[in-house]
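Student: To start, I am sharing the structure in question, which I have written as structure tokens.
The values are calculated or read from the model by the stated rules, or taken from the named source; none is laboratory data. Everything numeric in this text was worked out from a predicted model, so none of it was measured. Using ideal geometry, Cβ is built from the backbone for each residue, glycine included, and neighbour counts are taken over all protein chains shown.
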């Protein structure tokens, strides 16, 4: 199966010999590297997620929006009004950090559990301090203690966690303790801060972030005409293409309608559902794969779900 390419994608050292034989080779930066061989001609089903896969969110605009919504929600919930001074800084957060709910630190860990970097707020802790908190600068994963932030959706949370802890650490009104801070008669543990974050994150992702994204969709989501070419190429008589997303139908319909609002070769604009053989929304991954979830059919006119 040959995918569409542009002349700029080609390796100049390969062009003369390769194209004359009906072959081509992409430049190294444009190739896909795999850990094991895969015969795509043997694959019958091609599945896609929507968020951060088919729908590429513009960075840092999208993360800044999520940061603002999350920050304001926490302020409404009782966190200091002074947090409104913080704005999203895209150069700070990276995926894969751990948040230690015991000490309030952000940790960069290697595959063996060795601590490569330790931050308390915006401050990088020295080796001596790390050894006091983590003997041999090592930590093992504990579900009740370590919170792993490994997705692009986690970037605003990482930075806001650092902002809040830095604010409390640098403010003399807060008495610093090993596992939290005291403000007047109130003790605030780092574990409780994360719990507040998780509640605010769930609230944001269940409605407000999607609502604000759809209201200004061109600002937050990339539109790429190559996407439709790809989906059409994959969907043949012998192969099937499906969409499997955790997003609800209303949001999925808005995003996919925007992405597919491009004319076909004959000038017509096809409905986005025509690019897929199967579509699953509200999938509830990873439970969908682990245990299975209840399947209901969606009435696309009134967004009403009926049991299958």
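Student: Can you tell me which residues in segment 20-50 are modelled with pLDDT under 80 and touching a strand residue (DSSP E or B) at 6+ places or on another chain (Cβ under 8 Å)?
Tutor: Result: 24, 25.
Student: Looking at segment 203-215, can you tell me whether even one residue there is over 21 Å from residue 300 (Cα atoms) and surrounded by fewer than 15 Cβ atoms within 10 Å (Cβ to Cβ)?
Tutor: No - not one qualifying residue is present in segment 203-215.
Student: Further question: Could we say that residue 80 is in the same structural domain as residue 195 (by TED's automatic domain parsing), in contact with a helix residue (DSSP H, G or I) (Cβ under 8 Å, 6 or more places away or on another chain) and closer than 30 Å to residue 257 by Cα here?
Tutor: On the way: in the same structural domain as residue 195 (by TED's automatic domain parsing): yes; in contact with a helix residue (DSSP H, G or I) (Cβ under 8 Å, 6 or more places away or on another chain): yes; closer than 30 Å to residue 257 by Cα: no.
Criteria not met by residue 80.
Student: Kindly indicate whether any position in segment 170-177 is touching a residue at least 24 places away in the same chain (Cβ under 8 Å), in a helix (DSSP H, G or I) and surrounded by 14 or more Cβ atoms within 10 Å (Cβ to Cβ).
Tutor: The answer is no, given that none of the residues of segment 170-177 is touching a residue at least 24 places away in the same chain (Cβ under 8 Å), in a helix (DSSP H, G or I) and surrounded by 14 or more Cβ atoms within 10 Å (Cβ to Cβ).
Student: Among the listed residues 190, 220, 167, which satisfies the condition of being touching a residue at least 60 places away in the same chain (Cβ under 8 Å), in contact with a strand residue (DSSP E or B) (Cβ under 7 Å, 6 or more places away or on another chain), over 26 Å from residue 57 (Cα atoms) and crowded, with 17+ Cβ neighbours inside 10 Å?
Tutor: Details: 220 fails: over 26 Å from residue 57 (Cα atoms); 167 fails: in contact with a strand residue (DSSP E or B) (Cβ under 7 Å, 6 or more places away or on another chain).
Answer to the selection: 190.
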